[in-house]
1. Evaluate the following for residue 234: is it part of a helix (DSSP H, G or I), in contact (Cβ under 8 Å) with a residue 12 or more places away in the chain and within 16 Å of the ligand (Cβ to nearest atom)?
2. Can you tell me which residues in the range 352-378 are outside any loop (DSSP other than H, G, I, E, B), under 23 Å from the mean Cα position of the chain (by Cα) and surrounded by fewer than 21 Cβ atoms within 10 Å (Cβ to Cβ)?
3. Scan the strands (runs of 3 or more DSSP E) fully inside the range 1-114 and keep the ones with 1 or more residues being crowded, with 19+ Cβ neighbours inside 10 Å and within 15 Å of the ligand (Cβ to nearest atom).
4. Which number in (1) farther than 19 Å from residue 95 by Cβ; (2) free of Cβ contacts under 8 Å to residues at least 12 places away in the same chain marks the one condition that residue 149 misses?
5. Regarding residue 212, is this residue within 16 Å of the ligand (Cβ to nearest atom), over 16 Å from residue 327 (Cβ atoms) and either at pLDDT below 95 or assigned to a loop (DSSP other than H, G, I, E, B) (or both)?
6. Examine the range 184-195 for a residue that is assigned to a helix (DSSP H, G or I) and farther than 28 Å from residue 270 by Cα, and state whether such a residue exists.
7. Condition (residue is under 20 Å from the mean Cα position of the chain (by Cα), without any contact (Cβ under 8 Å) to a residue 40 or more places away in the chain and within 16 Å of the ligand (Cβ to nearest atom)) applied to the range 239-247: is it met by at least one residue?
8. Against the definition (under 26 Å from residue 262 (Cβ atoms), in contact (Cβ under 8 Å) with a residue 12 or more places away in the chain and either surrounded by 14 or more Cβ atoms within 10 Å (Cβ to Cβ) or away from the ligand (no atom under 16 Å from the Cβ) (or both)), how does residue 181 come out, yes or no?
Ligand SMILES: [Zn+2]
């Protein structure tokens, strides 16, 4: 049992969302019309948004996304950050200005952040770079490594910030780049995150380029270890899930985004042999309770059975595993839920109540690094942050 009852309260350890693209919060409710039918057409809209970002607007959008997460009980975020350069691709004079803006947004919202600095090299195997991708790409992978060193040094003394390495995907980074990123991360004990097998097309392209499925290839090249986080891991075979498990790697399922994008269903029961974590990803929804139960409830629909994973396993994925996946120690962070909230009245098993009944509005108190950032369900910065978000949206 992980959660504890304390009178009218339920106390839960800090909750981490291990995969987030905070600026994508701006897309919520705006990509749902017919004619935008595939993942790839959604991505076109996301690229338009990424094109328009400035250091100021990425800060405003991200800060609001993080305040919303904090109110929902999230205490730590793994931010998979891939917009680095100016439109057109020229680096800013201050190369890490956008990473710094996103880190500041999390700290100003009061939550911990692991900035997973993305490496992006190409549109795909044999595909020319698209205009919308220029802001993501470094002329040389060494430049990305230099930025990561600069960021790690800059935040070394702040216990609320960690830096990690994130080759975007096997589509966007050739395998040799992934292998060097993995060595770089291992030498510095940094987490290594990568989108893996989110879309069937990506698996097909990997088979065409390497004659291996993605996780089988990563295993063969020595990339899998206890700091590796396979984000999505949707189209993964049982054998691949076993490779992740044997390496003590993580699978980070982002169910509310995956269902929004029509990505397909992961084989959750097989993946649970690896260490599970969850991510908010595109912020289609910002509710860590819904995120966890969506994964399990969709597994029920997939295999036509109930109760595939216990609430305690899911709650561990939300809390301890989430922190471990982003390389962050949990130093007393906690979330307190209100048992008098209608969603929780009458629930009598702690972990089951948190995972299968709670929602973001049950959150009463959130404590991060010794500071109470949410009190009686309110975040002190909410109004100001919302106004700045709305201005950025305009
Ligand atoms: Zn993602």
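The values are calculated or read from the model by the stated rules, or taken from the named source; none is laboratory data. Model, not experiment: these values are computed from the prediction. Counting neighbours? That spans all protein chains shown, and the Cβs are built from the backbone with ideal geometry, glycine included.
1. Taking the combined requirement at face value, the residue does not satisfy it.
2. If the condition is that a residue be outside any loop (DSSP other than H, G, I, E, B), under 23 Å from the mean Cα position of the chain (by Cα) and surrounded by fewer than 21 Cβ atoms within 10 Å (Cβ to Cβ), then 356, 360, 361, 365, 367, 373 are the ones that fit.
3. It comes to 15-20, 74-81.
4. (1) is the only condition that residue 149 fails.
5. Criteria not met by residue 212.
6. Looking for residues that are assigned to a helix (DSSP H, G or I) and farther than 28 Å from residue 270 by Cα, one finds at least one in the range 184-195, hence yes.
7. Scanning the range 239-247, I find no residue that is under 20 Å from the mean Cα position of the chain (by Cα), without any contact (Cβ under 8 Å) to a residue 40 or more places away in the chain and within 16 Å of the ligand (Cβ to nearest atom), so the answer is no.
8. No.
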